[in-house]
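Beneath this line is the structure, given in structure tokens, with notes to follow.
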Amino acid sequence: MSASGGGKAIIAAFLANMGIAVAKFAAWLLSGSASMLAEAIHSVADSGNQLLLLLGGRRARRAADAEHPFGHGRERYVYAFVVSIILFSVGGLFSIYEGVDKLTHPHELENAWIPITVLLIAIGLESFSLRTAVRESNHVRLKGESWVQFVRHSKAPELPVVLLEDVAALTGLVFALFGVGMTVITQNPFWDAVGTLMIGTLLILVAITLGIETKSLLVGEGASTADHAAIVAAITDGPEVEKLIHIKTLYLGPDELLVAAKVGFAPDKPFIDVANEIDLVEQRVRTAVPAARVVYLEPDIWRPDAIVDEPAPQTETIVLKASD
């Protein structure tokens with residue numbers, strides 16, 4: 001997995017969550033805290049998330065074939081979508097179920113110091129995991145880009161997923177500590193149920209947020225505003241192209257951008273010159289935006305005094321020059 005895939009952050013989160021899950025299950029068995037059970041399921045779900053992200057990254061590296069001529073890069077989006085919807089939702093709904101069950105069938109906590117100790121240790125481990133995710137994200141986060149913008153606009157799904165997981169995990173631990181602590185102080189198990197319901201609500205909200213963002217990637221996103229401008233400049237800044245008639249971009253995977261454009265050349269230019277100049281333009285595009293690995297340029301004759309209608313997307317064909 002490439003650096004942008006956040007392999008270190010995923011592995012750090014997986015190891016932290018596995019250890020925390022075991023400790024939380026033990027604390028639940030010894031104390032009977034519903035908040036601890038909800039947090040244990042949360043950690044198991046997070047561990048499964050990391051395994052799916054690693055599997056998606058591995059499968060996305062498979063070479064292109066006849067059935068998938070543009071490769072398997074989008075498979076990373078599929079696994080991120082599975083993570084965001086199924087595992088988070090299952091964890092959230094289970095936590096809400098446990099909270100409702102604790103409200104209707106309350107019981108006292110036993111050995112309350114055990115879940116409190118485990119929660120404090122888990123907060124420390126999750127903080128380390130979040131620190132790793134933040135450091136990995138800073139390698140690819142643009143200067144001046146906020147964290148909200150990074151999560152919304154990142155084309156590599158792994159780091160935003162891990163970041164939101166870790167933030168949700170830390171918040172959930174605080175909720176659980178609140179529920180257990182209030183139960184100990186008031187001797188009322190109602191608060192343990194409240195903490196569990198808060199954890200479940202948090203997980204469902206995170207699931208919805210991640211689902212919306214990964215759905216956009218699955219449907220297909222084009223280049224960012226800055227990259228689109230850089231590609232247009234690379235095409236038009238040289239002396240070869242008379243006019244950029246139209247351009248479309250699409251991410252085939254987190255690290256692979258498709259660029260398709262119709263470019264106008266002088267009507268008296270020899271065909272061999274057009275072919276050579278297209279090569280030069282493609283080189284400039286790849287230099288300006290390294291992710292633009294697949295470039296298709298369709299040459300056309302540019303007549304300044306003619307009205308050129310852009311063809312409808314469903315009827316457009318791209319011919320003559322293709323390279324990747």
Inset, instruction - Of all residues in the range 142-159, count the ones that are among the charged types (D, E, K, R) and surrounded by fewer than 16 Cβ atoms within 10 Å (Cβ to Cβ). - result: 3
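Do we find that LEU37 is in the same structural domain as ILE114 (by TED's automatic domain parsing) and either aromatic (Phe, Trp, Tyr) or loosely packed, with under 15 Cβ neighbours inside 10 Å (or both) in this structure? It would help to see each step written out before you state the result.
Numbers: in the same structural domain as ILE114 (by TED's automatic domain parsing): yes; either aromatic (Phe, Trp, Tyr) or loosely packed, with under 15 Cβ neighbours inside 10 Å (or both): no.
Taking the combined requirement at face value, the residue does not satisfy it.
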Inset, instruction - Might you check whether a residue that is surrounded by 15 or more Cβ atoms within 10 Å (Cβ to Cβ), among the charged types (D, E, K, R) and closer than 27 Å to VAL219 by Cα occurs anywhere in the range 76-88? - result: yes
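Being farther than 30 Å from GLY91 by Cα, modelled with pLDDT under 90 and assigned to a helix (DSSP H, G or I) narrows it down to one residue among ALA230, ALA226, ALA312; which is it? Walk me through how you get there before you give the answer.
Values: ALA230 fails: modelled with pLDDT under 90; ALA312 fails: assigned to a helix (DSSP H, G or I).
Criteria check complete, one pass: ALA226.
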Legend entry - Which numbered condition SER224 fails, given (1) surrounded by 21 or more Cβ atoms within 10 Å (Cβ to Cβ); (2) under 22 Å from the mean Cα position of the chain (by Cα); (3) of a type in the set (Gly, Ala, Ser): (1)
Legend entry - Single residue of the range 44-75 satisfying the filter (surrounded by 19 or more Cβ atoms within 10 Å (Cβ to Cβ) and in contact with a Gly (Cβ under 6 Å, 6 or more places away or on another chain)) that is farthest from SER154 (Cα to Cα): ALA45
Inset, instruction - Determine the pairs where a residue that is touching a residue at least 12 places away in the same chain (Cβ under 8 Å), located within the range 191-213, has a partner that is of a type in the set (Lys, Arg) with Cβ atoms under 7 Å apart, the partner being 6 or more residues away or on another chain. - result: ASP192/LYS102; ALA193/LYS102; THR196/LYS102; GLU213/ARG152
Inset, instruction - Examine the range 176-188 for a residue that is surrounded by fewer than 16 Cβ atoms within 10 Å (Cβ to Cβ) and not assigned by TED's automatic domain parsing to the domain that holds PHE81, and state whether such a residue exists. - result: no
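Look at ALA260 and say whether it is free of Cβ contacts under 8 Å to residues at least 60 places away in the same chain, in a strand (DSSP E or B) and surrounded by 17 or more Cβ atoms within 10 Å (Cβ to Cβ). Outline the logic, then answer.
Details: free of Cβ contacts under 8 Å to residues at least 60 places away in the same chain: yes; in a strand (DSSP E or B): yes; surrounded by 17 or more Cβ atoms within 10 Å (Cβ to Cβ): yes.
Judged against the criteria, ALA260 is a match.
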Legend entry - Single unsatisfied condition, MET182 versus (1) without any contact (Cβ under 8 Å) to a residue 40 or more places away in the chain; (2) under 24 Å from GLN50 (Cβ atoms): (2)
Inset, instruction - Could you pull out every one of the helices (runs of 4 or more DSSP H) wholly within the range 103-196 that has 1 or more residues that are of a type in the set (Gly, Ala, Ser)? - result: 113-140, 158-186
Inset, instruction - Could you check how many residues of the range 61-113 are more than 30 Å from LEU30 (Cα to Cα) and small (Gly, Ala, Ser)? - result: 7
Inset, instruction - Report the residue count in the range 196-242 for those that are of a type in the set (S, T, N, Q) and in contact with a helix residue (DSSP H, G or I) (Cβ under 8 Å, 6 or more places away or on another chain). - result: 5
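Quick one: which residue in VAL90, VAL100, VAL83 is modelled with pLDDT of 80 or more and part of a helix (DSSP H, G or I)?
Values: VAL90 fails: modelled with pLDDT of 80 or more; VAL83 fails: modelled with pLDDT of 80 or more.
Result: VAL100 is the single residue among VAL90, VAL100, VAL83 that is modelled with pLDDT of 80 or more and part of a helix (DSSP H, G or I).
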Legend entry - Condition check for PHE81: touching a residue at least 24 places away in the same chain (Cβ under 8 Å) and within 15 Å of the chain's Cα centre (by Cα): yes
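The values are calculated or read from the model by the stated rules, or taken from the named source; none is laboratory data. On a predicted model such as this, the values are computed, not experimentally measured, just so you know. Please note: Cβ atoms are built from the backbone with ideal geometry, for glycine as well, and neighbour counts cover all protein chains shown.
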